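To start, the structure itself, in structure tokens.
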Amino acid sequence: MTEKNTLISETEQAGLAERLGPVKKVSLILILAGGILCLIALLSEGNRDRFGYAYLLGFTFWWSVVLGSLFFVALQHVTRSVWSVVLRRVAEMFAAPMWVVALFFVPIILFAFLHDQFSLFPWMNPDIVEGDHVLEGKTPYLNGWFFVLRAAVFFLIWIGFTTFYVRLSLGQDKGGAGESATLRMRKLSTIFMPIFALTATFASFDWLMSLEPHWFSTIFGVYIFSGMVLSGLAAITIGVMWLRAKGLLGDGIITGDHLYSLGAFLFAFTCFWAYIAFSQFMLIWYGNIPEETIYMLHRADHGWIGITLLLIAARFVLPFFLLLSRDSKMNPRTLVTTSVLVLAGQLVDLYWLIMPQIHGDSPKLSWQELGPSLLLTGILILYIGRFLSRHRTLAVGDPLFEKSRGFHL
């Protein structure tokens, strides 16, 4: 089979923008619907508090997908992976909007400082902190301007690494540095990994754990990391399957062996998430310290036990059995189904982490939770569609591309 028959031709690449028309329409519908719901919630004084938490839910979901995709890109470089070269552009596509995610964070800063209308972070309210010796002791770290400074540093680092990887990879397609660019990306990935671990961990402390500032868990950063990587993998898998079905990844470029590797990754991190989640629960249960156990007891009482059980099912039980066999890891339909479950599980997980702070006795699902997620989803889909229309869907300039096409287990 010749390269002309297997790779997307220049004519097909040029007409890609037109073929992505339906994607643009869907994104605009999501933006319009989400924007209207957000506006209604903001104009209604009684819904503002709830809107702040709903916005944080939508933001952290896409933050986890985009940063998880960036981790996947760096991981492939640091391990000198061959199998993933043919689908790495899809991961770069999901990592590229990191600067858009940074803009998404701006409203959270506003919500934090407007604590009289959006009680998002209790430690931002001096009336709550005053007289509370635990919160007063955490003030040197949990204060408004240091919170903003840390977030700025995190995003500058993530945007810098994303820009480096994506620009060099796209440059290779245009006859850029080739082998030297690959070597530079590999070297930088060894630096990125520990920096990623620190920034992702402290971001999870700031944006999620500090919602309940009396509670703490030393394993919380690893818990968020496991869900983040799973979310990135699921988004990449859905992207690969969709582009492959539309013929936008060439003919026969992505084989069953590539799909098996994606499925194995999903299966491994599904088990890893379950291990970390159980470890966190078991250590808190065994330690039996009141300020730690209250967090879990809150999520096991009243209506929250249903969300907890749903989380376990969507995040571990169903994906585990769906991907258990070798054949299932190579089945496109099973991979898409599992990936959708994983992303739904991430939403449930974030709801389980965030919403008990505002819905004390039981979860309350309504239109207030929908607006921010729809709006942010529409904006990112629009950006990703724009990325696809401007760049090749395959990293054809990578020196290992041909070797990756012939990858066999």
Inset, instruction - Could you tell me which numbered condition LEU198 fails, if it satisfies all but one of (1) surrounded by 15 or more Cβ atoms within 10 Å (Cβ to Cβ); (2) aliphatic (A, V, I, L, M); (3) closer than 18 Å to ILE159 by Cβ? - result: (1)
Legend entry - Hey, MET282 out of contact with any Ser or Thr (no Cβ under 9 Å at 6 or more places or on another chain), assigned to a helix (DSSP H, G or I) and crowded, with 16+ Cβ neighbours inside 10 Å or not: no
Inset, instruction - Hey, can you tell me all the residues within region 60-85 that are modelled with pLDDT under 95, of a type in the set (Gly, Ala, Ser) and closer than 16 Å to ILE191 by Cα? - result: none
Inset, instruction - Just need a number here: residues in region 285-330 that are free of Cβ contacts under 8 Å to residues at least 24 places away in the same chain, surrounded by 12 or more Cβ atoms within 10 Å (Cβ to Cβ) and among the polar types (S, T, N, Q). - result: 2
Inset, instruction - Give THR199, THR139, THR182 a once-over and let me know the one that is over 21 Å from LEU56 (Cα atoms), β-branched (Val, Ile, Thr) and part of a helix (DSSP H, G or I). - result: THR182
Inset, instruction - Please go through region 215-253 and pick out each residue that is out of contact with any Phe, Trp or Tyr (no Cβ under 9 Å at 6 or more places or on another chain), surrounded by fewer than 22 Cβ atoms within 10 Å (Cβ to Cβ) and in a loop (DSSP other than H, G, I, E, B). - result: THR218, ILE219, LYS246, GLY247, GLY250, ASP251, GLY252, ILE253
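Quick one: which residue in VAL65, VAL90, VAL82 is more than 23 Å from LEU142 (Cβ to Cβ), in contact (Cβ under 8 Å) with a residue 12 or more places away in the chain, surrounded by fewer than 21 Cβ atoms within 10 Å (Cβ to Cβ) and not aromatic (Phe, Trp, Tyr)?
Answer to the selection: VAL82.
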Inset, instruction - Please tell me if SER261 is of a type in the set (S, T, N, Q), under 24 Å from ALA74 (Cβ atoms) and either in contact with a strand residue (DSSP E or B) (Cβ under 7 Å, 6 or more places away or on another chain) or in contact (Cβ under 8 Å) with a residue 12 or more places away in the chain (or both). - result: yes
Inset, instruction - Specify the residue that is nearest to SER69 (Cα to Cα); the eligible residues are those in region 177-187 that are in contact (Cβ under 8 Å) with a residue 40 or more places away in the chain and surrounded by 18 or more Cβ atoms within 10 Å (Cβ to Cβ). - result: MET185
Inset, instruction - Would you mind listing the helices (runs of 4 or more DSSP H) fully within region 297-400 where at least 3 residues are under 21 Å from PHE59 (Cα atoms)? - result: 332-354, 367-390
Inset, instruction - Out of LEU149, LEU103, report the one residue that is over 21 Å from the mean Cα position of the chain (by Cα), part of a helix (DSSP H, G or I) and surrounded by fewer than 14 Cβ atoms within 10 Å (Cβ to Cβ). - result: LEU149
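The values are calculated or read from the model by the stated rules, or taken from the named source; none is laboratory data. Keep in mind the model is a prediction, meaning the values are calculated, not measured. Methodologically, a virtual Cβ is constructed for each residue, glycine included, from the backbone with ideal geometry; neighbour enumeration extends over all protein chains shown.
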